[in-house]
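Step one of this worksheet: look at the structure below.
The values are calculated or read from the model by the stated rules, or taken from the named source; none is laboratory data. All of these numbers come straight from a predicted model, not from anything done at the bench. As a convention, Cβ positions derive from the backbone with ideal geometry for all residues, glycine included, and neighbour counts pool all protein chains shown.
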Amino acid sequence: MNKGWLILFVNIQLLFAPALIAQNNFNKVIGVDTNSEFGSIVVKTDTGFLVTYGDVDETLITYCMGVLALDKKGNVLKKSRYCFGENKIVGYGRSLILNNGYVAHYGTLQQYDTLKKDFTTWTALTMFTPMGDTLWTRQYLDSNRHVVARSLAETKESGLWLIGDETISANNHNPLFVRIDNNGKVISSHSNIHSGITALFSVIKHPNGKYYGSGYSGASQNFDAFVVEMDTNMKPIWNKRYKSGSGIAAKLTVLEDNNMAFGTDTLIERINSTDKITRKQIFKIDTSGNVIWRKTHDQSGEGTHYRQLVATKSNHLLVLGRKEPPPPYSIYYTLSKLTPQGDTIWMHRYAYENIEDINYIWDMVATEEGGVLMVGDVTPNGSRHQDVWLVKVDSNGCLNNDCEKTLVYDMRVSVTESIGGIHNLKIFPNPSTGVFEINGLQSTCKYRYTVVNNVGQLVHQGSIAGNKLNLEQLSIGVYHLNVFGDELQFHSQKLIIND
């Protein structure tokens, strides 16, 4: 198997010094004896990383869960598989590193019922050591329900909340919350009912003690990103939809300032009932769900969106995205670095051997060096056989000193474009002593604003009345103003306050 990698060339002289990328980075495939399927999930452990993936023996028609224990350099310490029974399909789901160092994986099992002539879908929780050894597993099957695993969160009693997606009818899906003890025994369960279809793809525990869930919500063809605040019993306090028109599932991340961010998409054009032209979109919100800033990036394409993000120690964001340009180009995945205000610094795209091969990246986790490890699956050499794909990059998205090959753009040519922007807005004078005139606002629309500093912290917010904005209470410096109108309307601009 050839271990060549990306074939994207751009005429950009990099700003990155070689000393900054002399790390243990790699782009490699781990061979699977059978066939890798259903995406890959990764968590960071004390010894390195633990990767789980679908393991399919097409000859025997058996479906198992493959497990890879890696050290911090990406070397395979142990490779194993766990099977749940004949013909059961293992997929979807998430993994979570627990306070005791073990890894919990909550996944979906599916089997065709020959009597009902339909699929039965249920979930299973498997507990692993950091080396991938199975401690125990427990299945959660209710013949009256179709449930898909989505996320999980640890409780203060060392138990877990298991979050599934329950199909009630074709047009009614809702999150199902199952609370278990540390042995997997069910303590309670309930559903947060919403009209239409609502799914939570991530649930996180915030430092304020509450839980926040994120995903999508809507009806028919219209879905938006969705965030809900919940108490310690997973009962909703508030929920909000964030206009996107397509609603690729958002995954929340808590930032250094205890605000949160998530990536999704934004609808540009609907081709038909299933095909949509979208762009990448990212939101930063406070713990009340209010938008601090919102940015839209990159060119449009079918199914283009942000999938996941991690925050760096310098308050920058590393964001995994998906891109599907118009034909004849193939689907590929990107890693972007954003400023604390959500503006693009650079974007890389990766492939194992060439960009036209079938390359998928499903998950990523932060590394100790400030970069990320991304995991997925790839079909190398044009075969039907899929293997597990590992891509470890530094904080500049680089694999090695040949970093230019993966770079799409750097800070000198980056763009952050607006969709539905407030295009005619003029703010002056700028610089100013703190009082700004605003021209271009519509009298029939209500506007609010946020002001963030250069490390992305919210320093002021409010509603705009008339055509003046008074920021005299702020210290001298450079700030970023975000003005929000109805639905997708927004305007972003740098402001300078001097004496």
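Please determine, by comparing only the residues of the stretch 153-207 that are of a type in the set (S, T, N, Q) and under 21 Å from the mean Cα position of the chain (by Cα), which one is nearest to Gln110 (Cα to Cα).
Filtering first and then ranking leaves Asn174.
Yes/no matrix, rows are residues, columns are (1) surrounded by 14 or more Cβ atoms within 10 Å (Cβ to Cβ); (2) of a type in the set (D, E, K, R); (3) free of Cβ contacts under 8 Å to residues at least 60 places away in the same chain:
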residue	(1), (2), (3)
Arg179	yes, yes, yes
Asn182	yes, no, yes
Val203	yes, no, yes
Tyr211	yes, no, yes
Tyr216	yes, no, yes
Ala225	yes, no, yes
Ile237	no, no, yes
Arg241	yes, yes, yes
Ser244	yes, no, yes
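Go through (1) more than 15 Å from the chain's Cα centre (by Cα); (2) in a loop (DSSP other than H, G, I, E, B); (3) within 30 Å of Leu338 (Cβ to Cβ) for Ile248 and report which single condition fails.
Looking at each condition in turn, Ile248 falls short on (1).
Going through the stretch 280-311 one residue at a time, which ones are surrounded by fewer than 18 Cβ atoms within 10 Å (Cβ to Cβ), out of contact with any His (no Cβ under 9 Å at 6 or more places or on another chain) and of a type in the set (S, T, N, Q)?
Ser288, Asn290, Gln299, listed by residue number.
Tell me which strands (runs of 3 or more DSSP E) are completely within the stretch 120-175 and hold 2 or more residues being outside the structural domain of Leu98 (by TED's automatic domain parsing) and among the aliphatic types (A, V, I, L, M), or say none if there are none.
Result: empty, no element qualifies.
Among the residues of the stretch 23-39, what is the count of those that are at pLDDT below 70 and part of a loop (DSSP other than H, G, I, E, B)?
Residues in the stretch 23-39 being at pLDDT below 70 and part of a loop (DSSP other than H, G, I, E, B): 1 in total.
Just name the residue that is farthest from Glu229 (Cα to Cα) out of those in the stretch 111-167 that are surrounded by fewer than 16 Cβ atoms within 10 Å (Cβ to Cβ) and among the hydrophobic types (A, V, I, L, M, F, W, C).
Leu115
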